[in-house]
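Every number here is computed from the coordinates shown, using simple stated rules; none is lab data. Since we're looking at a predicted model, the values are computed, not measured. No Cβ is skipped: glycine too gets one built from the backbone with ideal geometry, and neighbour counts run over all protein chains shown.
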Amino acid sequence: MIVEELSLYLMNMKLVRPFVTSFGMTYERPCILVRVKSESEEGWGEVVANRGPWYSYETTYTAWHTITKFIIPLILGKEIESPRDVNRILSPIRGHNMAKAGVEMAIWDLYAKLEGKPLFKVLGGVKNEIESGVSIGIQKDVEKLLKLIGGYLTQGYRRIKIKIKPSWDVDVVRRVREEYPDIPLQVDANAAYTIKDIELLKELDQYSLLMIEQPFSYDDLVDHATLQRAIETPICLDESISSPSMVRSALALGSCKVINIKPGRVGGHFNSLIIHDLCASEDVPCWIGGMLETGVGRAHNVALATLPNIKYPNDISGSDRYYEKDIVEPPFKVSKRGTISVPKEVGIGVEVLVDEVYKKSRKAKSFKA
Ligand code: OSB
Ligand code: MG
C-alpha cells in the first residue's frame, strides 16, 4: 500500500453544550481530519489535540506542524506493507502521539478498505455492539447535574461518569448516590489533586464507584500507587498512559487496576492493541476513552471497543450528545439498551460527509507523492 495523497482539514465543531473539566471549559472542539488516498480507496483519521496544551502538550497547531514537516516525509509515496508498521516508521519522531495517531488511524482505515473488511475485524474485534457510557462535565449546581444524569439514564446510557475537581467532589458524589443508589458511576479528576488530598480521596471509597480516573498528575505513577494501596475503589489511569511502556510501569508499581485506552493519546491503533493485549495478559480490564471526537474519531473508537478485554462501558456516546450535526453518515446512535451497534461496512464503516468537512474547515492542505 502506498499513500499517494494526504490531506489535512482543520475544522471547528460547536458542542451542543459546553464541556467543563478541572482543566477548563470547551465550547468548540477544533479538530484536524486526516485523509489518505491510495489506488481507488481513501482512509480517514482524526487528530484529537485541542486548541491549547491542557489535556496534553499537543495542540492543533503543533500537530499540523508535526504532520506536515516530519510525518508526511516518512509516509507519503513510501511502500507500507501493513498499518502495523506505521508506528515503527514514525519512531524517529519522539512524542506527538496525537499527530501520529491521526495519520496512523487513517492508514488503518485505508488498509481495511483495500482488504474489503470492516476495521473492527482487522483489529481483532469480537463484538457486534459496544457499551456506551456518558461523561458529564462540571455543572453550575448539583440539581443541574442530577437532571442531566436522569436524562442520560432515560436515553439508555449504561454508565455515568462525572468530572470532579477540588470543591466539586465528595459532596457531589454523595448527592448523586442519594438520588441514584445503584447506577454504575465513576469519577474523573483530570489530574486535579495531589497526594496531599489523600484523606479526601479516601472518602470516595464509600460510594461504590466503578473507578476513580486520573486523580493525580499526568506524569505521576508513584503517588497513584500509594493511593491505590489505600483504597478499594480501582484507580483508572488516563493521562499517565502515553505508551505501552507506561502501562508496564503502572502495572509493575500497582498504580491502577483499570486502563483507559485512547488511541489518540498512545499514538494510534497499533499501540492501543499492544496495551490491550498487555492488560489482558495481566487480567487488567480496559475501556475506550473519548476526546469529544467527531464521527471519524468515534468510528475508530467504536472499532477498538469491540476487542475482548474491553470490560467496562466506554466514553463513546451518541453523536447527538456532542454535535448538532455530525460529519459522518449515519451518525452514531445509542440504543435504549445503552449500546452502539458496530458498523459492518468496510473500513470505519461510516461515510464521511466531505462537503460538510469542506464547509467547516478553516484551513485545508493536500500533499501529493
Ligand atoms: O479525561 O476523559 C477525559 C474529553 C476531553 C478530554 C479529556 C476527557 C474527556 C472526556 C469526554 O471525559 C469523553 C467523551 O468523548 O465523551
Ligand atoms: Mg479522563
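Structure above, values below:
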item: Cα-based convex hull volume of segment 1-51 per residue, rounded to whole Å³; result: 86
item: Note, ³J(HN,Hα) from phi for segment 57-67, Karplus 6.51, -1.76, 1.60, rounded to Hz, x at Gly and Pro; result: 5, 6, 10, 4, 5, 5, 5, 4, 4, 5, 5
item: Listed residue pairs exceeding 18 Å between alpha carbons, taken from LYS196/LYS257; LYS69/LYS365; LYS117/LYS333; result: LYS196/LYS257; LYS117/LYS333
item: Exceeding the 23 Å Cα-Cα cut-off - candidates LYS202/LYS336; LYS113/LYS359; LYS325/LYS359; LYS78/LYS262; LYS14/LYS163; LYS37/LYS100; result: LYS202/LYS336; LYS113/LYS359; LYS78/LYS262
item: R0 of 41 Å, Cβ-Cβ distance GLU232-LYS14: FRET efficiency to nearest 0.05; result: 0.50
item: Packing-based order for 14-24, 264-274, using average beta carbon neighbours within 10 Å, highest first; result: 264-274, 14-24
item: Descending semi-axes in Å of segment 129-177, equivalent ellipsoid built from Cα gyration tensor; result: 20, 11, 9
item: Segment 23-165: mean projected area of Cα convex hull, nm²; result: 11.0
item: Dipole magnitude (debye, nearest 20) for segment 229-369, charges at Cβ of Lys, Arg, Asp, Glu; result: 300
item: D_trans [Stokes-Einstein, Kirkwood Rh over alpha-carbon pairs] for segment 217-369, 37 °C, 0.692 mPa s, µm² s⁻¹; result: 194
item: Alpha-carbon Rg with Dmax, taken over the chain, Å; result: 19.6, 60
item: Amide H contacts under 5 Å for LEU210, placed H, 5+ residues apart; result: LEU185, GLN186
item: Calculated P(r) tail over 18 Å for segment 271-357, as whole % of Cα pairs; result: 45
item: Rounded tilt (10° steps) of 142-155 against the dominant C-alpha axis of the chain; result: 60
item: Segment 194-286, dipole about Cα centre (Lys/Arg Cβ +1, Asp/Glu Cβ -1), debye to the nearest 20; result: 220
item: Whole-percent pair-distance distribution, where bins are 10 Å wide, for the alpha carbons of segment 15-79; result: 18, 41, 26, 13, 2
item: Amide H contacts of ARG159 (H built 1.01 Å from N, under 5 Å, at least 5 apart or other chain); result: VAL134
item: Footprinting exposure proxy for TRP64, TRP287 (fewest neighbouring C-beta atoms within 10 Å first); result: TRP64, TRP287
item: Whole-Hz ³J(HN,Hα) from phi, Karplus 6.51 cos²θ - 1.76 cosθ + 1.60, for segment 77-93, glycine and proline x; result: x, 9, 6, 10, 6, 8, x, 5, 8, 4, 4, 5, 4, 8, 5, x, 8
item: Cα-only radius of gyration and Dmax that characterise segment 88-173, units Å; result: 19.7, 53
item: Principal axis box of segment 330-369, alpha-carbon based, largest edge first, Å; result: 43, 23, 13
item: Cβ-based net charge around LYS14, under 14 Å, with every Lys or Arg adding one and every Asp or Glu removing one; result: +3
item: Built amide H within the under 5 Å cut-off of GLU129, gap 5+; result: VAL342
item: J(HN,Hα) series, segment 32-38, from Karplus relation 6.51 cos²θ - 1.76 cosθ + 1.60, nearest Hz, glycine and proline x; result: 10, 8, 10, 10, 10, 10, 8
item: Cα Rg over Rh - segment 170-240, Kirkwood; result: 0.95
item: Relative contact order (%) - segment 228-346, alpha-carbon pairs under 8 angstrom, separation at least six; result: 18
item: Calculated log₁₀ intensity ratio I(q)/I(0) where the Debye formula runs over C-alpha points of segment 121-227, q = 0.12, 0.19, 0.22, 0.23 Å⁻¹; result: -0.46, -0.96, -1.16, -1.23
item: Helix axis angle, 97-115 relative to the chain longest principal axis, alpha carbon, degrees; result: 60
item: Set of aspartates and glutamates with alpha-carbon distance to LYS121 below 19 Å, sequence-local pairs under 8 removed; result: GLU41, GLU42, GLU81, ASP85, GLU104, ASP109, GLU129, GLU131, ASP277, GLU345, GLU351
item: Using alpha-carbon coordinates, inclination of helix 244-253 to the longest axis of the chain, degrees; result: 20
item: Charge dipole of segment 109-194 about the Cα centre (unit charges at C-beta), most positive-ward option of LEU146, VAL187, VAL134; result: VAL134
